[in-house]
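**Student:** Shown below is the structure under consideration.
Please treat every number below as a calculation from the coordinates, not as lab data. Computed from a predicted structure; not experimentally measured. Backbone-built Cβ (ideal geometry, glycine too); neighbour counts: all protein chains shown.
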Amino acid sequence: MEPASLAHGIDIRDAEESDLPAILDIYNDAILNTTATFTTHAVNLESRRLLLHERRVHGYPFVVATIAGEVIGFATFGEFRKGDGYAHTVEHTIYVHHHHHGKGVGKQLMPVLIDAARKLGKHAIIGGIDAGNAASLHFHRTFGFVEAGRLTEVGWKFDRWLDLVLMQKVLD
């Protein structure tokens, strides 16, 4: 049975300091239980506070998806790489609480990031995805991302090597 869509009950808003514990829980769950990130050790609340501050300083979005006030996902982007030549490219991240996977939360978050990147004059947005994550690869394709590169065995997690797919969307 397909998960029920939540798209109509979701509110998207800027993240606030008070959202950080929920953001931390969602991210740490992904760290400890998935290959959505190749990070292997849980992070602390201060790391999320610093990330939120950094995004705000650069004028980058950091948004949350909520239902009835409960944070069920978040999205942001930041520098793709250091150096002036990369100033027009950003790398995004979207995480959704595991109870809400496949319910349309990411489909509400991605357009916010794409619109923000365009408004900031960015030319390209990048996503780094575990090559084994077919759902995420498909998700990105639905938003016009194309595979731009595949790095074999660059990640090590859960006692196995992981391949990283770089997907790119050139913004008009």
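**Student:** Kindly provide the set of residues from the stretch 115-155 that are surrounded by fewer than 19 Cβ atoms within 10 Å (Cβ to Cβ), touching a His at 6+ places or on another chain (Cβ under 9 Å) and part of a helix (DSSP H, G or I), ordered by number.
**Tutor:** A135
**Student:** How many residues are touching a Leu at 6+ places or on another chain (Cβ under 8 Å) and basic (K, R) when one looks only at the stretch 121-171?
**Tutor:** Number satisfying all stated conditions: 2.
**Student:** Okay, next question. Among the residues of the stretch 105-162, count how many are in contact (Cβ under 8 Å) with a residue 40 or more places away in the chain and small (G, A, S).
**Tutor:** 7
**Student:** Limited to the stretch 156-167, what total is found for residues that are surrounded by fewer than 18 Cβ atoms within 10 Å (Cβ to Cβ) and in a strand (DSSP E or B)?
**Tutor:** 7
**Student:** Here are the criteria: (1) part of a helix (DSSP H, G or I); (2) under 23 Å from H58 (Cα atoms). Tell me which single one K107 does not satisfy.
**Tutor:** (2)
**Student:** Do you know which residues across the stretch 39-69 are under 28 Å from G121 (Cβ atoms) and among the acidic types (D, E)?
**Tutor:** Within the stretch 39-69, just E54 meets the criteria.
**Student:** Continuing with the same structure: From the list A68, A36, which residue is of a type in the set (A, V, I, L, M) and at negative phi? If you could, list the steps in order and put the result at the bottom.
**Tutor:** Details: A68 fails: at negative phi.
Of the residues listed, the single one that is of a type in the set (A, V, I, L, M) and at negative phi is A36.
**Student:** What number of residues within the stretch 90-129 are of a type in the set (G, A, S) and within 10 Å of G73 (Cβ to Cβ)? Reasoning before the result, please.
**Tutor:** First, the residues of the stretch 90-129 that are of a type in the set (G, A, S): 102, 104, 106, 116-117, 121, 124, 127-128.
Next cut, within 10 Å of G73 (Cβ to Cβ) only: 106.
Matching residues across the stretch 90-129 total 1.
**Student:** Sticking with this one: Looking at the stretch 91-105, which of its residues are surrounded by 19 or more Cβ atoms within 10 Å (Cβ to Cβ), under 29 Å from H123 (Cα atoms) and in contact with a helix residue (DSSP H, G or I) (Cβ under 6 Å, 6 or more places away or on another chain)?
**Tutor:** Scanning the stretch 91-105 gives H92, I94, Y95, V96.
**Student:** How many residues are in a helix (DSSP H, G or I) and within 17 Å of the chain's Cα centre (by Cα) when one looks only at the stretch 54-94?
**Tutor:** The qualifying residues number 3.
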